[in-house]
1. So what's the gap between the Cα centers of segment 211-258 and segment 372-389, to the nearest angstrom?
2. To the nearest 10 degrees, how steeply does helix 379-388 sit against the main Cα axis of the chain, on a 0 to 90 scale?
3. If you take the charge dipole of the chain about its Cα centre, with +1 on Lys and Arg Cβ and -1 on Asp and Glu Cβ, which of Ala248, Val15, Cys61 is farthest toward its positive end?
4. Report, to the nearest 10°, how far helix 228-237 tilts away from the longest principal axis of the Cα atoms in the chain, using its own Cα long axis and a range of 0 to 90°.
5. Which whole-number percent of Cα pairs in the chain have a distance greater than 29 Å?
6. Which of these, Pro38, Pro134, Pro396, has the largest mean-square fluctuation under a Gaussian network model of the chain (Cα springs below 10 Å)?
7. Output the 0 to 90 degree angle, nearest 10, between the alpha-carbon long axis of helix 341-357 and the longest principal axis computed from the alpha carbons of the chain.
8. How big is the antiparallel share of DSSP beta bridges in the chain, given as a percent to the nearest 5?
Amino acid sequence: MSCPRLAAAQCLTAVAGGQSLNRQLPVNEQSLPNQQRPLYRELCYGVLRHYWTLKAALKPCFAKPLKRKDLDIEMLVLVGAYQLRYTAVAPHAAINSCVEACRTVKKKWAAGMVNAILRRCQRDGDELFANLPPAAAVSHPQWLYQAIKKAWPQQAEAILAANNSHPPMCLRVNARQGDRDSYLHALKDSDIEASPCDFAPQGVRLHAPQPVSRLPGFAEGLASVQDEAAQLCTTLLDLKAGQRVLDACAAPGGKTGAILETEANLREVVALDVEDGRLDRVRDNLQRLGLSATLLCADAADTDNWWDGKPFDRILLDAPCSATGVIRRNPDIKLHRRADDIPALVALQRRILDALWQCLSPGGTLLYATCSVLPDENEQQVADFLARHSDAAEAPIEAAWGQARPAGRQLFPAVDGPDGFFYAVLHKR
Ligand SMILES: C[S@@+](CC[C@H](N)C(=O)[O-])C[C@H]1O[C@@H](n2cnc3c(N)ncnc32)[C@H](O)[C@@H]1O
């Protein structure tokens, strides 16, 4: 019999073993009928959001740590405890199906233990979840908790809370095919509640997430799913007819589409990414929008290999980063990212930035963007770049969103608001 709790525990086992949530979710979902899939997804996301809290709170319940091969049992316990602690599900349903799942995976020995732990969690939950270490209490790994606290003492509490919240679903209305007001009407006609985003001119925030198949004209390219923060890139690029534009780390193509929608008469848009498989997604996205770009698979920093020597008027570098601004959309980041990943990412960003600078025409603009909240990848990266390049000047971003920094502008993830993002506009003299 299919069991969404068991499927979730198996997905979480793979994620805890290093697999990405986005890749793994559809794998374990396959065994489930359609009506069980929303619960399965909710369990996977919910456990990952509260993972560090659940782990710390339940630690005293395990007589000794489980063996690696029994990670699925630990994940079943987390699934059950998540339901008991954070959802309104009837406790016996959560407990019984997790106990039953032990038998399904032929680990009868674990059934009694899982039953005892979940019953204790039901009985003594308030005690178990009280007085956790500060990082565990807000469900973050210690290093990330400290990094956020250190960088943003004023905003840390709100950032940490936003990281554990459900993200809003935002759309970008395709400016080539219609205006935002008309699309809001079309949504209303489809009984989908939505409001305009605060800062992105084409942005719409849905009051509840929807399958894209329900969105009016989605298949025809009338709208795309994209957070408000990511949409801001086109405003900052200041696109004009006749320009040659490079989207240097383009996959899956969210911003490539936004660029092409914003200015219909660009000379050429080159969308580059190092991962061939991810470029297929750029192709699919542009096809749905009825737009086209020159797609290249290459390491952006290795310009000898891909650049034709003709300068670009605009370059968007949406750099590979820690993704610490989009944790609420990708809660597995809290398991996978390590403190020592950051220096390697900073070095990669620096290498790409320096290489792309030579591809920019004098008078041109490079927009540096990340979905990170860590200053080393953002304002510090840009400050170091400006110190190395005497022909570079930063144009301060005047905006109603985010916070001006010594270099660039930082957006923080906010509950029901935008993702965490960083932007810096660099002009070449
Ligand atoms: C933040 S994502 C880009 C998201 C994309 N701009 C969008 O809006 O849909 C970063 C991308 O950089 C790519 N990447 C990483 N290292 C790269 C490199 N050296 N050269 C080119 N692309 C790279 C990754 O494959 C990934 O697709």
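The values are calculated or read from the model by the stated rules, or taken from the named source; none is laboratory data. Computed from a prediction, not measured in an experiment: that's the story for all the values here. Counting neighbours? That spans all protein chains shown, and the Cβs are built from the backbone with ideal geometry, glycine included. We work out accessible area using only protein heavy atoms, side chains counted, and drop any ligands, DNA or RNA first. Shrake-Rupley method; radii C 1.70, N 1.55, O 1.52, S 1.80 Å.
1. 25
2. With both axes taken from Cα atoms, the answer is about 30 degrees.
3. Selected residue: Cys61.
4. 10
5. On the way: 46329 of 91806 pairs.
Roughly 50 percent, once rounded to a whole number.
6. Largest GNM mean-square fluctuation: Pro38.
7. Helix 341-357 sits roughly 20 degrees off the main axis of the chain.
8. Details: 25 of 42 bridges.
For the chain, the DSSP antiparallel bridge percentage is about 60.
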